[in-house]
Amino acid sequence: MLSALSCQLSRSTAVERVMGKPLVTVRDDVSYREAVRLFGKHSIRHLVVVDLDGKLIGIISETDLCRKGGIAEMLGQRSIASAMDQNPVLLPHDTDISAAAMWMGRGRQSSVFVVTGARPVGILTERDMVKQYRQGGVHDGLAEGIMSSPVATISSEQTLIEAAQQMTSMSIRHLAVVDGKGDIIGQLSENDLLKGVDVV
């Protein structure tokens, strides 16, 4: 979807032009730890689940694993600083939606933050972009008009377990990591959490 948004493709574009491939699949009897390992290895957010004959029977997402799989006990006491993305995309509030889509597509980012100075004031996710695309495209308007606000934040000194609990309780997939002044210094996503899981 990011490809369609960043390239401003027509809505009539065939899905095969923008779909991700190759497809990463797992059998329905795969272990939880192996699924976590595959998410981290391929930096993906969904796995296609197949049966013994290779027939599609479902899809499992990072969110399914984070919220239903009980990853907290697998995270240990690692700090957020050890797993966070230290280079989040930060955009000024007057950034065009099309430019934000370009940044997301270029870096394969599932979110970007809208900032005032270094203070996060909003977050723009793939879901926001898809909604905007469905309502008429990403050609007009500013990012601040469709961003979610306020931004959920967490300190880099807190633990990944605390981050997982906060994401679950707030039903969100991203946290802005901030310093003592409230300035953004990184981001933590569900994918970052899964990369922090001990799969040995």
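The values are calculated or read from the model by the stated rules, or taken from the named source; none is laboratory data. Predicted model, so just to flag it, every value in this text is computed and none were measured. Neighbour counts are summed over all protein chains in view; Cβ atoms, including those assigned to glycine, are modelled from backbone coordinates with ideal geometry. Calculation scope for accessible area: heavy atoms of the full protein, side chains included, ligands and nucleic acids excluded. Shrake-Rupley method; radii C 1.70, N 1.55, O 1.52, S 1.80 Å.
Do we have LEU193 as within 17 Å of the chain's Cα centre (by Cα) and part of a strand (DSSP E or B) here? Against the criterion (within 17 Å of the chain's Cα centre (by Cα) and part of a strand (DSSP E or B)), LEU193 does not qualify. Annotation: LEU47 fulfils all but one of (1) buried (at least 17 other Cβ atoms within 10 Å of the Cβ); (2) out of contact with any helix residue (DSSP H, G or I) (no Cβ under 9 Å at 6 or more places or on another chain); (3) without any contact (Cβ under 8 Å) to a residue 24 or more places away in the chain; the unmet one is (2).
Look at (1) in contact with a Cys (Cβ under 7 Å, 6 or more places away or on another chain); (2) surrounded by fewer than 16 Cβ atoms within 10 Å (Cβ to Cβ) and you find that MET167 fails only one, number (2). Counting only strands (runs of 3 or more DSSP E) that fall entirely inside the range 90-179 and contain at least 1 residues that are of a type in the set (S, T, N, Q), the qualifying elements are 111-116, 119-125, 153-155. When we screen SER79, SER111 for residues that are among the polar types (S, T, N, Q) and either modelled with pLDDT under 85 or surrounded by 19 or more Cβ atoms within 10 Å (Cβ to Cβ) (or both), the only hit is SER111. Condition test on LEU124, is it surrounded by fewer than 20 Cβ atoms within 10 Å (Cβ to Cβ) and in contact with a helix residue (DSSP H, G or I) (Cβ under 8 Å, 6 or more places away or on another chain)? In short, no. Of everything listed in (1) open to solvent by 20 Å² or more (accessible area, probe 1.4 Å); (2) at pLDDT below 90; (3) in contact with a helix residue (DSSP H, G or I) (Cβ under 7 Å, 6 or more places away or on another chain), the single unmet condition for MET104 is (1). Among the criteria (1) outside any helix (DSSP H, G or I); (2) of a type outside the set (Asp, Glu); (3) farther than 16 Å from LEU193 by Cα; (4) touching a residue at least 60 places away in the same chain (Cβ under 8 Å), the one GLN77 does not fulfil is (3).
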